[in-house]
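The values are calculated or read from the model by the stated rules, or taken from the named source; none is laboratory data. Note that the structure is a prediction, hence the values are computed from the model and not measured. Heads up, the Cβs are rebuilt from the backbone with ideal geometry, glycines too, and the neighbour counts pull from every protein chain shown. Just so you know, the surface numbers come from the protein's heavy atoms only, side chains and all, with ligands and any DNA or RNA stripped out. Shrake-Rupley method; radii C 1.70, N 1.55, O 1.52, S 1.80 Å.
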Amino acid sequence: MTSRRTRHRLVQRLKDQGIRNAALLAIIGNTPRHIFVDEALAVRAYDDTALPIGHSQTISQPYMVARMTELLLENGMPRKVLEVGTGSGYQTAVLAQLVEKLYTVERILPLMQRARQCLHELRLHNVSYRHSDGGWGRKEYAPYDGILVTAAPEEIPLMLLEQLTTGGVMVIPVGSGDQQSLQRITKTDKGCELEEIEPVRFVPLVPGRF
Ligand code: SAH
C-alpha cells in the first residue's frame with residue numbers, strides 16, 4: 001500500500017492533471033506521504049485526496065501541493081521560502097527538498113510538533129518551525145523569495161506581502177467557504193501582479209495561536 005508502485009501511480013495521476021515540473025514530480029514520488037497521516041489512514045495516503053489530520057485540519061490533496069509548489073517555482077527557484085500553515089508537514093517536506101531554507105509557521109502546537117518529528121525522520125534539516133499566527137509572517141527572517149500559504153484568509157494579509165522580495169512570489173488561497181480562489185501574487189518594483197489560478201477549498205486562516 002505504501003510501495004513504490006502506489007507512489008508511481010500518484011505521480012502519473014499528477015502528470016495527467018498537468019503537473020510538469022520533473023524535479024517536483026520526482027520528490028513527490030520519493031516522499032512517503034503515509035508517515036504524515038494517522039496509521040488508520042495510511043492505506044489512503046497515496047490517493048489524490050485531502051485527509052483529516054486532527055484538530056479539524058486536513059493534509060492537502062497531493063494535486064494541490066504539486067500545483068501550488070509548481071506555481072511558486074515557475075519563475076525560478078526561490079532560495080528562501082516562508083510557509084504558512086505547516087499542518088501535517090507534507091507540503092513542508094516537499095518544499096524543503098527544493099529550496100535552500102524554509103521557514104514554516106503553524107498555529108496548532110501539536111500539529112507543528114508532529115510535523116517536525118516527521119521531517120526529522122526524513123532527515124530534512126533546513127526547516128525552521130514557529131508556533132505562531134502565520135498571518136504575521138516571520139518578520140525577523142524577511143524578505144522571502146517565496147511565500148506559500150495553505151489556509152485561506154478572506155483577504156491577502158498585507159504583512160505577508162511586505163515580507164516578499166521584489167520579484168518574489170506568493171501563492172495563496174483567498175476567500176471564504178466555497179468562494180475561494182487560488183491566487184499568485186508577484187511583487188514587482190511597480191507594485192503587485194495578481195493572477196487568479198483556479199477555484200479551491202482550504203480550511204480558513206484563523207488568527208491567533210492554539
Ligand atoms: N499544507 C498542510 C495543510 C494543512 S491545513 C498539509 O498538507 O498538511 C492548513 C493549516 O493551516 C492547518 O494546520 C491550520 O492549523 C493552519 N493555520 C490556520 N490558520 C493559521 C494561522 N493563522 N497561522 C498559522 N497556521 C494556520
Candidate set from the range 195-210 (those that are part of a strand (DSSP E or B) and of a type in the set (Val, Ile, Thr)); member that is farthest from the ligand (Cβ to nearest atom):
Ile197
Just checking, how many residues over the range 136-152 are in a loop (DSSP other than H, G, I, E, B), open to solvent by 50 Å² or more (accessible area, probe 1.4 Å) and either basic (Lys, Arg) or at pLDDT below 95 (or both)?
0
I'm checking my understanding of the structure. Among residues of the range 47-85 that are under 25 Å from Asp133 (Cβ atoms) and assigned to a helix (DSSP H, G or I), which one is nearest to the ligand (Cβ to nearest atom)?
Val65
Going through (1) of a type outside the set (A, V, I, L, M, F, W, C); (2) buried (at least 23 other Cβ atoms within 10 Å of the Cβ); (3) more than 8 Å from the ligand (Cβ to nearest atom) one by one, Ser88 fails only at (3)
For Glu155, are the conditions met, namely being free of Cβ contacts under 8 Å to residues at least 40 places away in the same chain, in a strand (DSSP E or B) and of a type in the set (D, E, K, R)?
no
